[in-house]
Amino acid sequence: MLGRKQDRLLKQEIYAQKVAQSQTQHHSACETLNKNDNEEFLSDLSENDTEFTLKVRSGQSKQMRERLPTVAKMADRFALSDRATAAIATATLRDLEIIRKDNIAKAIHCNHERRFSTLEGVDPFKIRRERKKARVETLELQRSLEGSLQGLYFDGKRNVTLQSGKKKVVEEHISLVSEPGSKYIGHVTPNGGLAIDLADSILQFLEANNYDLTQLKVVGADGTAHNTGHIGGAITLLENRLGKSLQWQICLLHFNELPLRHLILHLDGTTSGPNSFTGPIGKQLKTCEEKPIVKFNTIRADLPEIDPKLLSTDQKYLLEICNAVSTGDFPDALAKKDPGLLCHARWLTAANRILRLYVTEDRPSKNLKMIAKYIIRVYAPVWFMIKRNWQFYYASKHVWQSIKLSRYLPEDVRAVAIDPYIQLNGYALHPENMLVTMLSDSRTAVRKRAVELIVAARRNLQQQSVRQFRPPQINFSARDYPELIEWKNVTPPPALRGITDQELEEAIEDCDFVERLPQFPCHTQAVERTVQLVTQASTKVCGTEARDGLIRNTLESRKAIPCVKNKRSFAALQ
């Protein structure tokens, strides 16, 4: 029995030695093969004078460990699928001769083979992991850099939102932007549709992310009653919760659309849907670009000079068609352009289409001529002034221009369609905003009057009080913008809270004083762009964190690699 046991142990020992020897030979052969392949491939790169250098790992495992954060952010930016991104990345590597042709089948992962070589390419699983990592890293990095908040601008929209299990629900998402700088800081989903739900969700988000609200001075939003109610509006509730007044910046681009909207409704009838009208002018707007250009009567335009690079596609169209109607020269290229989709949420495109319709009528109706003239003489000039002089200390002057330029209209039309809506949304003429505008005036007497009013208001201000913010009664017959309101119940501008009385006295002789203040915008276009990003992200990923990461990836990609049209644009990035 003892001899048989010893023989069995001896055979097991011999077998183990043979297995170990076989594995050693196998590893040695793999290393030799990998070394030869790498030397051959690097030799080919040298012969082709390729500038790329690759880190090739020895050993049996050749999985790609290099990070691809830029590729992942670009995929999020252009809404590319993981498979499409992997295929494009692999094709690029192949064209640059970084990978060999016979390895592409493995690179694009068409056979669901998970092992691939550093020299073979990128697979969809790699892209998927990189996108998740990039979203988390971008979110953590940006939140680590966030601290004090001087200006908070917000806007929202009800979006179709993807949930787990491929279910979709409709949720309201409120986008938040920090000013100055138009920096996206996140988005929230209120628990309900009331203003108090909106205010609570914003404050909870800011507190959860450790924002310092002691420096918060300015708040911006559009002019809906949901936001601007003087008792139960979202901004008023935010002020009451914070225990201090804030400088209100209600979007002036929305303000500029209201008189145009009500002029169209007054002259042409009401709307019949989200993108249709009941009147004879509105019914022709959908197909106006299909009509030929005829000889039309020109309308003199006095447009401010503005860099077209500051304008969106629809705004550029408005600028071009206003100039064409003013000069009588309508280029063929402009006639072929799309004036934009007709939508009652965007009255800018309605203005574009009305002017496009005007140049197709040799005998336009009285109402069409009146609306087109208002667009050329009031709506467009004020729009471009707001875009050019976007700082908050120009706000009162923009409203003054709207009042002054519209005085040519018949009094009965102004009394019904123009003046009531300027009065209703005249937040920029509140004494707090008017005083900041007066500090930027080129006239010393106006600046001196502003300083005197601010100093007196500070002395009369009760400690820790939040005033009710309501549009003042407007004097539409005023000869200058300081005369537009009665100077009663004046409160100091919250935006100047950190400025001493002595520094204000120096502003009397320094007309550039306000230019050294933080540059808060008088419109909310930056927020509207983030609202669009949130809408797009809502149908792509599930959850607030995933949406937030995708949005930040997109913004980071735009910052790192902007869209370029030619090689000179790339040179400007270096």
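Read-outs: derived from the displayed coordinates by stated rules, not from any lab. Predicted, not measured: the structure shown is a model, and the values here were computed from it. Note that each Cβ is placed from the backbone with ideal geometry, even for glycine, and that neighbours are counted across all protein chains shown.
Each of Leu265, Leu246 was scored by other Cβ atoms within 10 Å of its Cβ. Arranged with the fewest first, they read Leu265, Leu246. If I model a spin label at Leu310 and Ala415 as a point 7 Å from the Cα along the Cα→Cβ vector, what separation in nanometres do I get? Between Leu310 and Ala415, the label points sit 3.8 nm apart.
With the cut-off at 1.5 for a/c, could you classify the stretch 445-511 from its C-alpha gyration tensor as rounded, prolate or oblate? Intermediate values should be presented prior to the final figure.
Details: a/c = 2.47, a/b = 1.14, b/c = 2.17.
Oblate, because a/c is 1.5 or more while a/b does not exceed b/c.
Where Lys and Arg each count +1 and Asp and Glu each count -1, what net charge lies around Lys540 among other residues with Cβ under 9 Å from its Cβ?
Summing Lys and Arg as +1 and Asp and Glu as -1 gives 0.
Simple spin-label estimate for Arg407 and Thr214 gives 4.9 nm between the two label positions (7 Å along the Cα-to-Cβ direction from each Cα).
Less than 5 angstrom separates the built amide H of Asn159 from those of Glu171, Glu172, His173, all sequence-distant by 5 or more or on a different chain. Working from label points 7 Å from Cα in the Cα-to-Cβ sense, the Lys488 to Glu505 distance is 3.2 nm.
Just rank Phe154, Phe78, Phe296, fewest to most, by other beta-carbon atoms within 10 angstrom.
Working: Phe154 25, Phe78 11, Phe296 18.
If I rank by nearby Cβ atoms, fewest first, I get Phe78, Phe296, Phe154.
How much FRET efficiency would the formula 1/(1 + (r/R0)^6) give for Leu141 and Lys369, where r is the Cβ-Cβ distance and R0 is 51 Å, rounded to 0.05? Can you show the working numbers first?
Working: r = 56 Å, r/R0 = 1.10.
With a Förster radius of 51 Å, E is 0.35.
Using a 10 Å cut-off around each Cβ, can you sort Tyr408, Tyr358 from fewest to most neighbouring Cβ atoms? Kindly include the intermediate steps, with their values, before the conclusion.
Values: Tyr408 11, Tyr358 23.
Lowest count first: Tyr408, Tyr358.
Classify the stretch 252-312 from the C-alpha gyration tensor, please: rounded if a/c falls under 1.5, else prolate or oblate depending on whether a/b exceeds b/c.
Working: a/c = 1.81, a/b = 1.24, b/c = 1.46.
It is oblate, given that a/c is not under 1.5 and a/b is not larger than b/c.
The stretch 309-359 and the stretch 155-220 have their alpha-carbon centroids 34 Å apart. With a Förster radius of 30 Å applied to the beta-carbon distance between Cys542 and Gln204, the computed FRET efficiency rounds to 0.90.
Which shape class applies to the stretch 301-350: rounded if a/c is under 1.5, otherwise prolate when a/b exceeds b/c and oblate if not, where a ≥ b ≥ c are the square roots of the Cα gyration tensor eigenvalues? Working shown, then result.
Details: a/c = 1.67, a/b = 1.24, b/c = 1.35.
Verdict is oblate for the stretch 301-350.
Provide the gained length on full extension for the span Ala79 to Asp95, in nm with one decimal, where the gain is 0.36 nm per separating residue minus the Cα-Cα distance.
Details: separation 16, 0.36 × 16 = 5.76 nm, distance 2.35 nm.
Contour length minus the Cα-Cα distance gives 3.4 nm.
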